[in-house]
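A short write-up of the structure that comes next.
The values are calculated or read from the model by the stated rules, or taken from the named source; none is laboratory data. This one's a predicted model, so the numbers in the text were calculated from it and none came from an experiment. Cβ: placed from backbone, ideal geometry, glycine included. Neighbour counts: every protein chain shown. For the accessible areas, the whole protein counts, side chains as well, though only heavy atoms, and no ligand, DNA or RNA atoms are used. Shrake-Rupley method; radii C 1.70, N 1.55, O 1.52, S 1.80 Å.
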Amino acid sequence: MTFDLTSEQIALRERARAFAQEVARPRASEIDAQEQYPWDIVKALTEAGFMGMTIPSAYGGQGRSFLDAVLVIEEMAKCCTVTARIVVEANMGAISTVMAYGSEEQKRLAASLVLAGDKPAICITEPDAGSDTTAMTTRADRRGDRYVVNGRKHWITGGGVSKLHLIFARVFDERGEELGIGGFLAMREDSKGLRIVRREKTMGLRGIPEGELSFEDLEVPANMAVIPPSGFKRGFADLMNAYNSQRVGAGSVAMGIAAGALDLAVDFVKHREQFGRPIGEFQGLQWMLADMQTQLTAARLMLHAAARSRGQAGQSAFPDPMLAAQAKIFASEAAIKIVNDALQMFGARGYSRDLPLERMARDARMFTIGGGTAQVLRTLVASKLLGWKLPQTREGYLNDIARRLAAE
Ligand code: FAD
């Protein structure tokens, strides 16, 4: 299925497919079992030009589109989810945030690191601030020519392997007045106050550490504060808007896992025989396959549309929030079902660790959670659809109701 891809995009996809099958697939099971970050694959991705593809050419990248990145991510995820996630974070998320809002100095720093193989970490979630990101307590206090950051983050992808960290924190000026929420760039190796406290024991995606990080008087030079044009006050909304690229990336990983599982299932049902016939001859399985393919196609179309929406209709440098949210909800939920159905078709073999399906099922389970849960994203979609803010705190909800009653 090519839709209206250019010949260059088709060639890029072929190149990614070959890389995924030859380099990533043979390592996928080992990466999962050993729970080790695959530095060998990172090196190969860097040499093949898959790290920092979306970075503009002025900063040494290839200036590729998010759709290009989605095509590559799907191919990688068919073979190795960890490899696909590295490609996401080296082309979307933190790097695209810095490229959109960073100073020249910040862009050059981030680009040089990613193009050399770094997968930056984005640090938003805290133990008491998950879906409710604005409840974060990590703070950055201005002290002369620097900010001093204190706080704790958890479930940070790449904690312990990423060099560059984009840390979200509440910002306070010299007088202690709160200015809003901002982003701060810190390098793990150069920053004394940045400590990896522990690694989470994850169900899947075991080749990338999910880290708990603490910041203890972490000093960040003032020129490493990432300040969107709207300033700190409205800056958080802008910084979170940048996250829409990450959402499209995460949805694409889920979709790629599903595509890989479906490929395996199609091949298996043609060869496995029961009752003297290939099991693919049974309509019970044929209809399952048809539903899997239909869901996969829908997910792919939605993700492509979201990736293409970048910069359209006066929008920002990021995918449209509504399309990105819908695509991630649909792709992440479809992936869980498709992989589960593929596993079912393999019978007992599907439940075995000798085959990749049980790993794919564990990996796929994450994508309705990380990067905005399926429930929170539904609230975002409903809010835009209704044209209401839909505040989630009790106080915000009561104020909103009072305002509406007053207006009636
Ligand atoms: P909670 O917010 O406590 O939610 C618990 C449940 O309540 C969920 O089902 C949720 O949908 C539901 N819920 C909460 N609020 C509402 C509401 N208003 N309406 C309806 N339902 C609601 N974070 C980072 O900052 N950087 C990372 O790199 C990163 N990587 C991650 C990688 C993995 C593998 C995972 C699992 C998570 C990662 N996260 C990361 C954290 C992730 O973004 C959060 O887990 C997510 O935002 C949800 O927060 P929470 O886990 O605290 O769940």
Would it be correct to say that residue 303 is open to solvent by less than 50 Å² (accessible area, probe 1.4 Å) and away from the ligand (no atom under 12 Å from the Cβ)? yes
Is it the case, given these coordinates, that residue 205 is closer than 18 Å to residue 90 by Cβ, in contact with an Asp or Glu (Cβ under 8 Å, 6 or more places away or on another chain) and of a type in the set (A, V, I, L, M, F, W, C)? yes
Within segment 297-408, which helices (runs of 4 or more DSSP H) (wholly inside it) include 3 or more residues that are under 22 Å from the mean Cα position of the chain (by Cα) and over 23 Å from residue 83 (Cα atoms)? 321-345, 374-386
Check whether at least one residue in segment 196-209 is away from the ligand (no atom under 16 Å from the Cβ) and either basic (Lys, Arg) or part of a helix (DSSP H, G or I) (or both), and report yes or no. no
Mind listing whichever residues of segment 210-259 are closer than 30 Å to residue 77 by Cα and in a strand (DSSP E or B)? 210, 211, 212, 213
Quickly run through segment 249-267 and pick out the residues that are open to solvent by 30 Å² or more (accessible area, probe 1.4 Å) and in contact (Cβ under 8 Å) with a residue 24 or more places away in the chain. 263, 264
In contact (Cβ under 8 Å) with a residue 60 or more places away in the chain, surrounded by 15 or more Cβ atoms within 10 Å (Cβ to Cβ) and more than 16 Å from the ligand (Cβ to nearest atom), is that true of residue 345? yes
Looking only at segment 317-330, how many residues end up being within 16 Å of the ligand (Cβ to nearest atom) and either without any contact (Cβ under 8 Å) to a residue 12 or more places away in the chain or of a type in the set (A, V, I, L, M) (or both)? 3
Complete set of residues in segment 139-160 that are buried (at least 21 other Cβ atoms within 10 Å of the Cβ), over 17 Å from residue 243 (Cα atoms) and either touching a Pro at 6+ places or on another chain (Cβ under 7 Å) or among the small types (Gly, Ala, Ser) (or both): 140, 151, 159
Hey, can you tell me all the residues within segment 108-136 that are within 14 Å of the ligand (Cβ to nearest atom), in contact (Cβ under 8 Å) with a residue 24 or more places away in the chain and more than 15 Å from residue 87 (Cα to Cα)? 123, 124, 125, 126, 127, 131, 132, 133, 134, 136
Of all residues in segment 125-137, count the ones that are closer than 22 Å to residue 96 by Cβ and open to solvent by less than 10 Å² (accessible area, probe 1.4 Å). 1
Enumerate the strands (runs of 3 or more DSSP E) found wholly within segment 88-166, keeping only those where 3 or more residues are under 30 Å from residue 35 (Cβ atoms). 121-123, 146-157
In segment 96-116, anything buried (at least 18 other Cβ atoms within 10 Å of the Cβ) and more than 15 Å from residue 186 (Cβ to Cβ) is listed as 96, 99, 100, 101, 107, 111, 114, 115
For segment 363-392, give me each residue that is on the phi < 0 side of the Ramachandran plot, of a type outside the set (Phe, Trp, Tyr), in contact with a helix residue (DSSP H, G or I) (Cβ under 8 Å, 6 or more places away or on another chain) and within 11 Å of the ligand (Cβ to nearest atom). 363, 365, 368, 370, 374, 377, 378, 380, 391, 392
From the list 249, 193, 160, which residue is under 16 Å from the mean Cα position of the chain (by Cα) and at pLDDT 95 or above? 249
Report yes if residue 108 is under 12 Å from the mean Cα position of the chain (by Cα) and either among the basic types (Lys, Arg) or modelled with pLDDT under 95 (or both), otherwise no. no
Quick check on segment 348-362: of everything there that is surrounded by 15 or more Cβ atoms within 10 Å (Cβ to Cβ) and of a type in the set (Lys, Arg), which residue is farthest from the ligand (Cβ to nearest atom)? 359
Between residues in segment 384-408 that are farther than 19 Å from residue 320 by Cβ and residues that are among the charged types (D, E, K, R) and part of a helix (DSSP H, G or I), which pairs lie under 6 Å by C-beta distance while being six or more apart or on different chains? 391/400
